[in-house]
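Q: Below is a structure I'd like to ask you about.
The values are calculated or read from the model by the stated rules, or taken from the named source; none is laboratory data. Since we're looking at a predicted model, the values are computed, not measured. Reconstructed Cβ throughout: ideal geometry from the backbone, glycine too, with neighbour counts over all protein chains shown. These area figures cover heavy atoms from the full protein model, side chains too; ligands, DNA and RNA do not enter into them. Shrake-Rupley method; radii C 1.70, N 1.55, O 1.52, S 1.80 Å.
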Amino acid sequence: MSDLKYKLVVGLEIHVHLCTKTKMFCGCGLEYGVTANSRICPVCLGMPGSLPVMNRQAYEFAVMMGLALNCRISRFTKWDRKNYYYPDLPKNYQISQYDLPLAEKGYIEIPLEEGRTKKIRIIRVHLEEDAGKNIHAGAYSHVDLNRAGTGLLEIVTEPDMNSPVEVRALAMELQRIVRYLGVSEADMQKGHMRFEPNVNLTINLGDKEVKTPIVEVKNLNSFRALERSVEYEIGRQLDEFAETGKVMEMGNKSTRGWDDVNQVTVLQREKEEAHDYRYLPEPDLVPVELDDQWLGDIKSGLCELPLQKQMRFVSEYGLSDYDAGVLTADRATADFFDEAVKAGGEPKRICNLLTQVGLKMANEKGCSLADLGFSAANVAELAKMAEGGDVSASAAGTILEKMTEMKENPQAIAEKLNLIQKSDAGELEAVVDEIIAANAEASQQVREGGKKSGKARGFLMGQVMQKTKGQANPKVVSEILGKKLS
Ligand code: ZN
Ligand code: MN
């Protein structure tokens, strides 16, 4: 790689599958992994005379996303045909939105390190339908049209991202948002989200700046591939510029694919022709008019968005940005935490219980924290017990684990498992006196405060804990020891 001064410039196009029950323009069910071509009908097969009908839920999901992305929502939107031939597109055109997208001119705020955020402008959000899937097997290719006609949200950003990390952060934030809103499962393995970064560099030559030709990397279906492909393009474009001096011009944008095995991008199409998709208004669908009432109904389905929640957990509850990020990764966990705090538990303590014990269990069981079987109120109760010194921090973890099996409140479990700490000063004082009397030498060392006092103090603490079978509250014991041996 050469040592040219450069700035990376990336815009993203993202396609998201909507998790509606049925397809975008017909009643075929959306099920993943079923027999090929078992979820098809004349509409999604493009049979002559068949007529599409818009899926209302898909439209509402799309408007919801437009709102979440701070866009202007169009009160009037229409459908267009984007013509192209490909075997997985039986109609030979895709129903999409061309000049009147349903939302535009918004922004998304993405979380970066140490609580820093950045606003990335959104150009447009529109609805369209997905194509089917070609399956290549030896000398033949098969086509499965179960996916053809799936409601697809297309989101296009301005080229506001300037590092591979920012590109990845945007993709992940978008996943968090669609999941919070319940508009997509956003399961990468199932191809629910696909990314196409447009990448080029602004190179500083001292007396002037030049731009390298834009490369669009097609169809990336993992965060890692997205980040890696952008990283790779930086080096490749720098090398190409050093070698050829080629700069961005009209018509020299190219398309590349990602080779995951070799971790390189590969040229697909040189020169993007003046888009010859022959867009034309879709004659079979009526435009959509969104009135105040309908828009209001859709707005009422919105929730507090993940980044807002994360920032609130930091400002209102005093959590670290890292902890807040872990808790807001999914909505069920975030809501559960919020509920426990509102039930009166100390936020940091609840956070530790949930992230260090709860999420670990949820991971092992492959379920959400909210489905582990304990209530937010009981977690708050447990946190209060730990706070008040009735149980130690480690015992609280054990109790939380048991709360998933023993359907009882934390107090009852703590009693059953003998985990209640003795914090009664009078009772503990008697034990401490006994230990001091039995260990005159160590006690003397503590009183003298010399080199050996630390070790001697630890020894006496250990004796008290042993005597009380580990049930004494160490904080209280330490206070009593301090008072007696000062
Ligand atoms: Zn169909
Ligand atoms: Mn598209």
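Q: With the contact rule set at Cα under 8 Å and sequence spacing of 6 or more, what percent relative contact order holds for the chain?
A: Rounded, it is 13 percent for the chain.
Q: Say the cut-off is 21 Å between C-alpha atoms; which of 407/469; 119/348; 118/208; 299/342; 7/211; 119/211 go over it?
A: Too far apart for the 21 Å limit: 407/469; 119/348; 118/208; 299/342; 119/211.
Q: Okay, moving on. Given a Förster distance of 30 angstrom, what is the FRET efficiency for residue 409 paired with residue 368, based on the Cβ-Cβ distance and rounded to 0.05?
A: The pair residue 409/residue 368 has a calculated efficiency of 0.85.
Q: Where a Cα-Cα gap under 28 Å defines reach, which lysines qualify for residue 82, not counting those fewer than 8 residues away within the same chain?
A: Answer for residue 82, where 28 Å is the Cα cut-off: 21, 23, 91, 105, 133, 190, 218, 253, 271, listed by chain and number.
Q: Can you give the accessible area of residue 447 in Å² (nearest 10), computed on protein heavy atoms with a 1.4 Å probe?
A: Counting only protein heavy atoms, the figure is 110 Å².
Q: Taking the simple approach of a point 7 Å from Cα along Cα-to-Cβ for both residue 248 and residue 56, what is their distance in nm?
A: 4.4
Q: How far apart, in nm, are the 7 Å Cα→Cβ label points at residue 329 and residue 416?
A: Inter-label distance under the simple model: 3.0 nm.
Q: What accessible area per residue comes out for the chain, rounded to a whole number of Å², with a 1.4 Å probe?
A: Counting only protein heavy atoms, the per-residue value for the chain is 50 Å².
Q: How many angstrom lie between the C-alpha centres of the stretch 88-133 and the stretch 311-352?
A: If we compute the Cα centre of each part, the gap is 30 Å.
Q: Additional query: Dividing the convex hull volume of the Cα atoms of the stretch 157-311 by its residue count, what figure in Å³ per residue is obtained?
A: Roughly 196 Å³ of hull volume per residue.
Q: Follow-up question, since we're still on this one. Could you go through the stretch 128-139 in sequence order and give the Karplus-derived ³J(HN,Hα) for each residue, using 6.51 cos²θ - 1.76 cosθ + 1.60 with θ = phi - 60°, rounded to whole Hz, and x for Gly and Pro?
A: Per residue, the Karplus-derived 3J(HN,Hα) values read 7, 10, 7, 8, x, 9, 8, 10, 9, 9, x, 7 Hz.
Q: Which value, in Å³ per residue, describes the convex hull spanned by the Cα atoms of the chain?
A: 231
Q: Note down, for the stretch 330-486, the three equivalent ellipsoid semi-axes (square root of 5 times each alpha carbon gyration tensor eigenvalue), biggest first, whole angstrom.
A: Ellipsoid half-lengths, sorted descending, are 38, 15, 13 Å.
Q: List every DSSP H helix in the chain whose Cα atoms extend 24 Å or more along the helix's own long axis and whose mean Kyte-Doolittle hydropathy is at least -0.5.
A: 164-181
Q: Å³ per residue of the Cα convex hull, for the stretch 39-115?
A: 167
Q: Can you give the translational diffusion coefficient of the stretch 1-60 in µm²/s, computed by Stokes-Einstein from the Kirkwood radius over Cα pairs at 20 °C and 1.002 mPa s?
A: Answer from the Stokes-Einstein relation: 143 µm²/s.
Q: Now for a different question. Taking the stretch 91-202, how much of its Cα-Cα pair set, in percent, is spaced more than 17 angstrom apart?
A: Of all Cα-Cα pairs in the stretch 91-202, 64 percent lie more than 17 Å apart.
Q: If you don't mind, another one. Using a 1.4 Å probe on the protein heavy atoms, what percent of the accessible area of the stretch 311-402 belongs to carbon and sulfur?
A: The nonpolar share, carbon plus sulfur, comes to 49 percent.
Q: What's the center-to-center distance, using Cα atoms, between the stretch 134-199 and the stretch 404-444 in Å?
A: With the stretch 134-199 and the stretch 404-444 each reduced to a Cα centre, they are spaced 56 Å.
Q: Okay, next question. How large a share of the accessible area of the stretch 5-296, in percent, is made up of carbon and sulfur atoms when the probe is 1.4 Å and the other protein chains stay in place?
A: Of the solvent-accessible surface of the stretch 5-296, carbon and sulfur hold 51 percent.
Q: Here is a further query. Can you work out the base-10 log of I(q)/I(0) for the stretch 225-282 at q = 0.16, 0.23, 0.30 1/Å, using the Debye formula on its C-alpha atoms alone?
A: -0.64, -1.01, -1.25
Q: Restricted to Cα positions, what overall size does the stretch 306-416 have along the principal axes? Three whole-Å values, descending.
A: Answer, in whole Å and largest first: 41, 31, 20 Å.
Q: Can you give me the long-range amide H partners of residue 118? Hydrogens built in the peptide plane at 1.01 Å from N, cutoff under 5 Å, separation of 5 or more residues or another chain.
A: Under 5 Å from the amide H of residue 118: 110, 112.
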